[in-house]
Amino acid sequence: ILTKLTEKPLATIPLSGLDEKFYHSLGDKSYLDEYGVKGKMIFTFIGAISYRKGIHVMLEAFKKVLLQVPNVHLVIAGSGEYEKNIDKMIKDFNISDHVTRISWLSQKDVVKLLSASDVFLYPSISHGGWEEQFGYSMAEASLCELPVIATRSGSIEDVVVDGKTGIMVNENNIKELHDNMFKLASNSEMRKEFGQSGRKYIIDNFSN
């Protein structure tokens with residue numbers, strides 16, 4: 001965002017770092033067992049439920065992935081003014097059995113959910129003059145060794161390294177998001193590699 005205003009060198013200084021001892025994979029996927037998703041490949045989004053987060057784009061892409069990989073499930077955790085729109089889309093797409101909505105999580109539960117997940121999604125879009133700022137939820141997901149699929153929006157590229165800790169896609173691009181969701185759903189080795197690299201990257205650059 002700031003590079004559009006100046007050509008001077010810029011520093012990235014987060015408001016606060018992250019605690020890698022708190023955010024780490026628990027090696028336990030049982031957190032979601034009560035939702036009947038045991039054994040499934042889990043895509044997860046955690047954040048505000050608002051238009052600018054691109055959740056509607058994510059649902060479009062997920063619907064297509066589900067046709068190719070029936071063993072996937074999507075978890076959307078968060079609350080916000082766009083909840084009714086999202087719930088209607090889930091119902092209209094007839095994917096209610098494949099999507100879990102969680103309204104609020106403590107930080108301990110965030111770690112449990114991330115530990116139970118396989119891929120973290122963050123399809124943020126520029127909207128009304130707003131662009132994504134430092135993405136703590138993506139950094140937390142990386143510390144829990146999840147690969148991240150996110151958009152080239154705002155400062156996300158500071159948090160996610162394309163082709164190393166995750167995959168960057170263009171905003172509002174359903175096909176690109178779908179293709180890369182399918183790619184990671186089909187490649188456990190890539191998920192593991194990106195996840196391990198992601199944890200190291202966040203510790204090296206954004207830890208306390």
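The values are calculated or read from the model by the stated rules, or taken from the named source; none is laboratory data. Please read all numbers here as calculations on a predicted model, not as lab measurements. Reconstructed Cβ throughout: ideal geometry from the backbone, glycine too, with neighbour counts over all protein chains shown. Ligands, DNA and RNA are excluded from the accessible area calculation, which covers all protein heavy atoms including side chains. Shrake-Rupley method; radii C 1.70, N 1.55, O 1.52, S 1.80 Å.
The table below gives the values:
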item: Subset of the range 134-156 (residues that are touching a strand residue (DSSP E or B) at 6+ places or on another chain (Cβ under 9 Å) and open to solvent by 50 Å² or more (accessible area, probe 1.4 Å)); result: TYR136, ARG152
item: Inter-residue pairs, beta-carbon under 9 Å, first within 12 Å of LEU146 (Cα to Cα) and of a type in the set (Gly, Ala, Ser) and in the range 187-208, second assigned to a helix (DSSP H, G or I) and open to solvent by less than 40 Å² (accessible area, probe 1.4 Å), 6+ apart; result: GLY195/ALA141; GLY195/SER142; SER197/SER142; GLY198/MET138; GLY198/ALA139; GLY198/ALA141; GLY198/SER142; GLY198/LEU143
item: Looking only at the range 172-198, and only at residues there that are of a type in the set (D, E, K, R) and open to solvent by less than 50 Å² (accessible area, probe 1.4 Å), the one that is nearest to SER115 (Cα to Cα); result: ARG191
item: Complete set of residues in the range 24-63 that are within 19 Å of ARG191 (Cα to Cα), within 15 Å of the chain's Cα centre (by Cα) and among the hydroxyl-bearing types (Ser, Thr, Tyr); result: THR44
item: Counted residues, the range 36-68 - those being aliphatic (A, V, I, L, M) and without any contact (Cβ under 8 Å) to a residue 24 or more places away in the chain; result: 1
item: Check on SER115, polar (S, T, N, Q) and at pLDDT 95 or above; result: yes
item: Odd one out for GLU131 among (1) open to solvent by 20 Å² or more (accessible area, probe 1.4 Å); (2) closer than 26 Å to ASN71 by Cα; result: (2)
item: Selected residue [touching a Phe, Trp or Tyr at 6+ places or on another chain (Cβ under 7 Å), closer than 25 Å to TYR31 by Cβ and among the hydroxyl-bearing types (Ser, Thr, Tyr)] from SER155, SER188, SER142; result: SER142
item: Residue, nearest to ILE76 (Cα to Cα), within the range 134-156, restricted to residues that are touching a residue at least 60 places away in the same chain (Cβ under 8 Å) and not hydrophobic (A, V, I, L, M, F, W, C); result: SER137
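Condition check ((1) within 19 Å of LEU74 (Cβ to Cβ); (2) surrounded by fewer than 19 Cβ atoms within 10 Å (Cβ to Cβ); (3) among the acidic types (Asp, Glu)) across all residues:
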{"position": "TYR122", "(1), (2), (3)": "yes, no, no"}
{"position": "SER126", "(1), (2), (3)": "no, yes, no"}
{"position": "ASP158", "(1), (2), (3)": "no, yes, yes"}
{"position": "ILE167", "(1), (2), (3)": "yes, no, no"}
{"position": "ASN170", "(1), (2), (3)": "no, yes, no"}
{"position": "ASP204", "(1), (2), (3)": "no, yes, yes"}
{"position": "ASN208", "(1), (2), (3)": "no, yes, no"}
